[in-house]
């Protein structure tokens, strides 16, 4: 074996053993020469070979980096939900998830949609909050205006620019998290018994709003790369009296796709043709791995039928409950609904977030988080590919920090979850993401926080537990 | 004139000029002797005469205090609302009130239900908030459990003891202000078109929930001293398919009464007999001027039909939006409704309030506020009696910081409000407190904050403006 082949093999082994992880910078040429006692040209040749094999990537003036594996071949299948409106069930499963106080939990939480709360770039927000509270004037303890702090609405309007929306602060309403925005939107648009079309799988928080409002969910087939099927959507609009479309088209939860721009445009046109409203959930949109971030459906909306809902819960911290919405032509009704639901939102969190954004900390934090989450995605996919049974379908998220995993049909992830909780691990079974408990063979994993050996061990254990549930070959 | 009569006259004049106000301590005997150059026995005799006239009160080992005037003779009349269920209107008036950001307001706000936010006894809460935010661990930025912080629920359970309720932390749900509690309760209990019985006048926030839910309000005649008429309530229950009774029986907003205990007990029995639920708003209950505070309806509820709703918005600060409810037998449905409406409530405000209560600061703050608000009530009634046209009806609040004023039928307080806003004064017209805009000749005033000469001038100006609107005698 040539000297440079030996060096290349050493590096490959170290990568496979997890010593260097996907996205990590490999040692410099000079450092390797010294460590292995070989010449510069030998190391350079080794790196060239690894590059040719697609294992490392050379970045000019920076060095060599561990390359993610190419997109996994096995994506989850296009969903095939029931072709009729359904009542929503699954509350017991959702309750189990949200009744937990994360701070009191001893589990490794792989299941919930919680961002990394330890990021250094969040520190200015904490400083802001502490200062505001220490020096809180009487007015900061008082009710804010029903619509929300003007300064925060100004900053939100500025940020919305980047998703292609021209919003005036007056078009914006501050809410208590994105959940309140979604709830106000759907309660404004519908009456009990109405039909709402949703992507499939679909965020369980919205599905449960449908349940509480006694609405029916019409789940539309959804492609894990391009989102909701426009053809199926059109057929459904022809066939059913759909009152609203509820959808997460950018950095989808749970599938991670972003609908291509042309399809977003076409969906808005379809809504216009059939005169239905769209409730757009953009809570993960600013965590898109693409720069500039993709446009919202709202940016193609020229007659105010899109109710854009978002929050700082995934991009900053969920515990402050600062959300917002741009309700378009429904502004006055939504404002009334907001008043009766919670009155004005809490004052100080709004002021703190407004200051954080105004000083540029938000954009800095986003850059940091997007870099981290993209690297974590590649690592997580790598771990799942290694540790789960062959043939496992894995999503390829375009943003956010959630991975969707599709197992063989026979695997029951509710049972899997119960088994794993006993071992101190928490996953979210896919059945929460459907009106009727479909996707029971799927699960959602969170890759926001540090990808430590403990997390890899947890993933390995989930993979083993899946294998244990597989029917033994006859 | 005797020497002691002269001294008595001097003191009377000073009281009438507002140099000493109701509830203020008068100068000591020794001090007056020195100032007026008279003997101790002369001053003592002067004070004895004033005491006999009911102008001052002697408090053992403390001194002489300016006595409030006896209860005004003219209370507002017992209300006589429509005797059928009505749709709720008046949203435009409410919106005008809640769309304002108090901190940006240049008006003297006599209208809104805002406590004194400058009280020194609130300082530990600010310290708590600042410390928590400065040292916020990741878990404090995270979602809390859906039901709310266990520590806060423990403290709320402990406090509820004082209103006669035996609650377990598990019976309690933390909400985003009392408004969310009321909204969850009514949304859980009713379907569009249902009838809800309410006191009359009734808090506009709840009336607007009825409007948003497409419910009908059946307003029940209410006595400004003893509350809702049980006889009228019973007739209504016989005549109409009432789904729920919504009521504020302790330190009522806007009338200020507390229902006598026997009547509370009878109301719960009535609800049992007709098998309807009661939504009890107790947000001002801890601000009762009586010690111990009066019991809640909930304390007489032995089959879980009372949904008790409250918050720290009037007792501490509204801007934190920390509320809670004890939903009785409806716990599971309310929990679902809470999840879909806003998810978990904000974490840090809950922790801060829990610590504030745990260390005894809450009870200390209450004692201080109750003393202040009771004194302010007497001063405010005195001012209104002096500055408003004779025959003006004035409530005699048993707690809280809101006064209800009833003018001659011909006075239109919406017009009055519009005229006064132009002069930098804000009042709340009574029409907000009725489904159909009754009580247009009434208004609500806030006496929470410092009773400065500027506030007296404002009250005088309101009184003048009322006189200007009176038809001139023929």
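Every number in this text was worked out from the coordinates using simple rules, so none of it is lab data. Keep in mind that what you see is a predicted model, and the values were worked out from it rather than measured. Cβ: placed from backbone, ideal geometry, glycine included. Neighbour counts: every protein chain shown.
Angle between the Cα long axis of helix B:261-273 and the longest principal axis of chain B, 0 to 90 degrees, nearest 10?
In chain B, helix B:261-273 runs at an angle near 20 degrees to the longest axis.
When the Cα centres of region B:1-29 and region A:1-40 are compared, how far apart do they sit, in Å?
Their Cα centres are 95 Å away from one another.
Based on the alpha-carbon gyration tensor of region B:3-66 and its eigenvalue square roots a ≥ b ≥ c, which shape applies: rounded if a/c is under 1.5, prolate if not and a/b is larger than b/c, or oblate?
Rounded is the answer for region B:3-66, as its axis ratio a/c remains below 1.5.
Can you list, largest first and rounded to whole Å, the semi-axes you get for the protein assembly as shown by taking the square root of 5 times each eigenvalue of its Cα gyration tensor?
Working: eigenvalues 729, 198, 121 Å².
Over the Cα atoms of the protein assembly as shown, the ellipsoid semi-axes are 60, 31, 25 Å.
From Cα pairs below 8 angstrom and at least 6 apart in sequence, can you work out the relative contact order of chain A, rounded to a whole percent?
21
Give me the Kirkwood hydrodynamic radius of region B:136-360, using the inverse of the mean 1/r over all pairs of distinct Cα atoms, in Å to one decimal.
17.5
Can you list, shortest first and in nm, the gaps between the label point of residue B:292 and those of its counterparts in the other copies, using a point 7 Å from Cα in the C-beta direction?
Inter-copy label distances (nm, one decimal, shortest first): 6.4.
When each copy gets a label point 7 Å from Cα toward the beta-carbon at residue B:48, what are the spacings between them in nm, shortest first?
11.7
How much length would be gained if the chain were fully extended between residue B:332 and residue B:30, taking 0.36 nm per residue of separation minus their Cα-Cα distance, in nm to one decimal?
102.2 nm
Which value in nm describes the separation of the simple spin-label points at residue A:161 and residue B:52, placed 7 Å from the Cα toward the beta carbon?
7.9
As a test of the formula, what do you get for chain A when each DSSP H run with n ≥ 4 contributes -39,500 (n - 2.57) and the sum is divided by the residue count, at 222 nm and rounded to the nearest 500 deg cm²/dmol?
The helix contribution divided over chain A gives -12500 deg cm²/dmol.
Measuring from a point 7 Å past the Cα of residue A:367 along Cα-to-C-beta, which residues in region A:110-127 have an amide N at less than 16 Å?
A:120-124
List the distances, in nm to one decimal, from the label point of residue B:273 to the label points of the same position in every other copy, shortest first, placing each label point 7 Å from Cα along the Cα-to-Cβ direction.
6.3
When you look at the Cβ of every residue in B:318-324, what mean number of other chain Cβ atoms sits within 10 Å?
For peptide B:318-324, the averaged partner shielding equals 6.
Using only the alpha-carbon atoms, how far is helix A:150-160 inclined from the longest principal axis of chain A? Give it as 0 to 90 degrees, nearest 10.
Here the helix axis deviates by roughly 50 degrees.
How high is the relative contact order of region B:1-58, given as a whole-number percent (alpha carbon pairs under 8 Å, six or more residues apart)?
38
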